[in-house]
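These notes concern the structure reproduced below.
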Amino acid sequence: MSKNFFLELEKLKNTLPQLKRNYFFEETDSTNTQAVQLAKSGAPEGSLVLADFQTQGRGRLQRQWESPAGKGLYFTLILRPRLHPQQAPLLTLTTGVALLKALETLGLKELLIKWPNDIWVKEKKLAGILCELFTTQVKGVAQIDFILLGVGLNVSQSKEDFSTEIQKLATSVFQVTGEHFSRLQVLECLMKEIFFQIENLIQKGPDFMIEQWKKFSGFMKKNIVFEEAKQTYEATVFDLDRSGHLLVKLKNGEIRTLIAEEVRLKAIEI
Ligand code: BTN
């Protein structure tokens, strides 16, 4: 099974010229963790690290990403973009746009991008993105060494494939559509759209991508509850800035800039 999977993965290089190298693990701790080592050892831009099963799949804010064998897509793309390190969050948003568009192509509807990195459908989480930035100093100036785009997509999980705790929060392509998609077919669709949208970001710039995100996220003007430094606030979303930070207005009228690494969204009015 794994050999076949790898051979099929290799065939994707024929249709996706940006895909340069594949690393496939039947089982690993986390594809992001593996990708750090591979990138440090010189894996080129466009290297894909994919696992059938992750024992320690990681999410944002130290959360776990449940990764049962053979059920989901768990992969990390290694990128070495010529962007300023401060623009790195834009890649999370770009990947969000790409996932949403790719999933729409597969026939899914009513998708929502929940800032900064979740794809939701019918008030449950379908996919998550873990973007990690590694910089290096060149003549005293920080530059991007590499960026890891880790994507987890629940493909054919039934409710019982998730832990009891996660069952309430997560869904899968199968649960939403009633169809069992081939993971390779879904992967090809996602990768094509991710490469396309990254090119859009580079060619058309941050403003274009931010407008796309705002259009597809359906997140503007929503009322949210968020937690920052252990305090809970209610606010209304009103914009996304050029670095991908969320601008919100608190109940008392105060404007706040939310940074993904510091904030936990607790509720959203859908
Ligand atoms: C989140 O929702 O907070 C992000 C989840 C990202 C999960 C993916 S699965 C593949 C890659 N490897 C990991 O350990 N995490 C990401």
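Every read-out reported here was derived from the displayed coordinates using simple, explicitly stated rules and does not represent laboratory data. Fair warning: this is a prediction, and the values are worked out from it, not measured in the lab. Don't worry about glycine lacking a Cβ; one is built from the backbone with ideal geometry, like all the others, and counts go over all protein chains shown.
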Completion exercise
For Lys125, the aspartates and glutamates lying under 17 Å Cα to Cα, once residues fewer than eight places off in the same chain are dropped, come out as Glu66, Glu104, Glu110, Glu160, Asp161, Glu165, Glu269
Handout entry: Gaussian network model of the chain, Cα within-10 Å springs - most flexible of Glu165, Glu104, Glu45
Key = Glu165
Completion exercise
Any lysines whose Cα falls less than 19 Å from that of Lys215, other than same-chain ones fewer than 8 residues away, would be Lys101, Lys109, Lys114, Lys122, Lys204
Exercise for the section: May I ask you to list the lysines whose Cα is less than 22 Å away from that of Lys11, ignoring any residue fewer than eight positions away on the same chain? Expected result: Lys3, Lys20, Lys71, Lys192
Practice task
Please work out the FRET efficiency for the pair Lys122 and Gln185, using the Cβ-Cβ distance as r and a Förster radius of 25 Å; give the result to the nearest 0.05.
Solution key: 0.65
Fill in the blank from the handout: Distribution output for the chain: share of Cα-Cα pairs per 5 Å bin in percent, first bin at 0, values 1, 6, 13, 17, 20, 18, 13, 8, 3, 1, 0, 0
Practice task
Return the whole-Å distance between the Cα centroid of the stretch 178-207 and the Cα centroid of the stretch 31-74.
Solution key: 18 Å
Problem - Where trypsin sites (Lys or Arg not before Pro) in DSSP loops with at most 12 other Cβ within 10 Å are excluded, longest remaining stretch of the chain - result: 1-62
Exercise for the section: Please label the shape of the stretch 131-270 as rounded, prolate or oblate, based on the square roots a ≥ b ≥ c of the eigenvalues of the alpha-carbon gyration tensor (a/c under 1.5 means rounded; beyond that, a/b larger than b/c means prolate, else oblate). Expected result: oblate
